[in-house]
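Here is the structure we will look at.
The values are calculated or read from the model by the stated rules, or taken from the named source; none is laboratory data. Only a predicted model underlies this, so the values are computations on that prediction, with no experimental measurement involved. When we count neighbours, we look across all protein chains shown, and the Cβ atoms used for this are built from the backbone with ideal geometry, even at glycine. We work out accessible area using only protein heavy atoms, side chains counted, and drop any ligands, DNA or RNA first. Shrake-Rupley method; radii C 1.70, N 1.55, O 1.52, S 1.80 Å.
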Amino acid sequence: MASPKDLPRYYRALLKHYGPRHWWPAETPFEVMVGAILTQNTAWTNVEKAIHNLKAAGMLEPRPIAEADAATLARLIRPAGYFNVKARRLQDFVRWFVERWRGDVRIMRLVPPERMREELLDVKGIGPETADSILLYALEHPVFVVDAYTFRVLHRHGFVGEEATYDEMKEIFEGTVPRDAALFNDFHAQIVNVGKDFCRATPRCEKCPLRKFLPG
Ligand code: SF4
């Protein structure tokens, strides 16, 4: 039976099946951070439309978002859903980014990841998955991102119970997979792929690249 120590083998099986995922699709670290907030509770295709609208309006920059009229911002990000809530969250985050970090990702990168995680979690509307997505994909720290697909895979393979916490799952990866930002980056993206293609509400184990690890 597989154990969490086999997670590096899970990664190799996924990499063999899918190839490198090249996630996150963004032109700048700031765009990654915006996407990490907009993707809460929605599919990535909807986020792409919202990002496109921001770019087309010349608004995908810290100051324009920080100074935007809330209704205008909400209209532009409408495709991402919950647009009034997300407009507030995005603006709260970007104002914090501008005021505390001078709108400069390079300054944020100088802060140790543990401290930056606490700082991010103190920003209204930023939960653990969003904070870790920013730490990994925008700031390039070796921090593992857990999502609903990660829970499904870990749970269905017998590594965690129904009540597993976010931090418990994150620690499983960070304790068994070599701490490397590029590896964590691609592993998370691979899990998202296997979740979408195979580990759905009704799993499709027969054709899944991880079927050989299933508990017998
Ligand atoms: S679909 Fe089945 S084999 Fe694939 S990850 Fe989910 S539980 Fe495992």
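Annotations for the structure displayed:
- On Cα atoms only, tilt of 44-56 relative to the major axis of the chain in degrees: 20
- Shape of the chain, Cα gyration tensor, a/c cut at 1.5: prolate
- Axis of helix 7-18 versus longest Cα principal axis of the chain: the two differ by about 80°, to the nearest ten degrees.
- Using only alpha-carbon positions in segment 89-216, the gyration tensor eigenvalues give semi-axes of 31, 14, 13 Å once each is multiplied by 5 and square-rooted (largest first).
- Top positive-direction residue, dipole computed over segment 29-138 with Cβ charges, set Thr39, Leu136, Ala71: Ala71
- Surface per residue (accessible, 1.4 Å probe) for segment 29-138, Å²: 48
- Considering every alpha-carbon pair of segment 29-138, the percent of pairs per 5 Å bin, from zero through the bin containing the longest distance, is 2, 13, 25, 28, 18, 10, 3, 0.
- For the chain, the longest principal axis of the C-alpha atoms and the axis of helix 166-176 are separated by about 60°.
- A straight chain from Asp122 to Glu67 at 0.36 nm per residue would run longer than the Cα-Cα distance by 17.7 nm.
- In summary, the aspartates and glutamates within cross-link reach of Lys55, defined as a Cα separation below 18 angstrom excluding same-chain residues under 8 places away, comprise Glu27, Glu31, Glu67, Asp69.
- DSSP-loop trypsin sites (Lys or Arg not before Pro) across segment 115-160, with at most 12 other Cβ within 10 angstrom: Lys124
- For segment 29-138: relative contact order, % (alpha-carbon pairs under 8 angstrom, 6 or more apart): 33
- Descending Cα extents along the principal axes, segment 75-132, whole Å: 35, 22, 15
- Centre-to-centre, using Cα atoms only, segment 5-30 and segment 179-200 are separated by 5 Å.
- Sequence-separation-based contact order of the chain, relative, with Cα cut under 8 Å and 6+ spacing, percent: 27
- Residues of segment 8-26 with amide N under 18 Å of a point placed 7 Å along Cα→Cβ from Ala56: none
- Both radii are taken from the alpha-carbon atoms of segment 135-185; with Rh as the Kirkwood radius, Rg/Rh is 0.98.
- Carbon plus sulfur fraction of accessible area for the chain, probe 1.4 Å, in percent: 51
- Reachable lysines from Lys16, criterion Cα separation under 22 angstrom, eight or more residues apart if same chain: Lys5, Lys196, Lys207, Lys212
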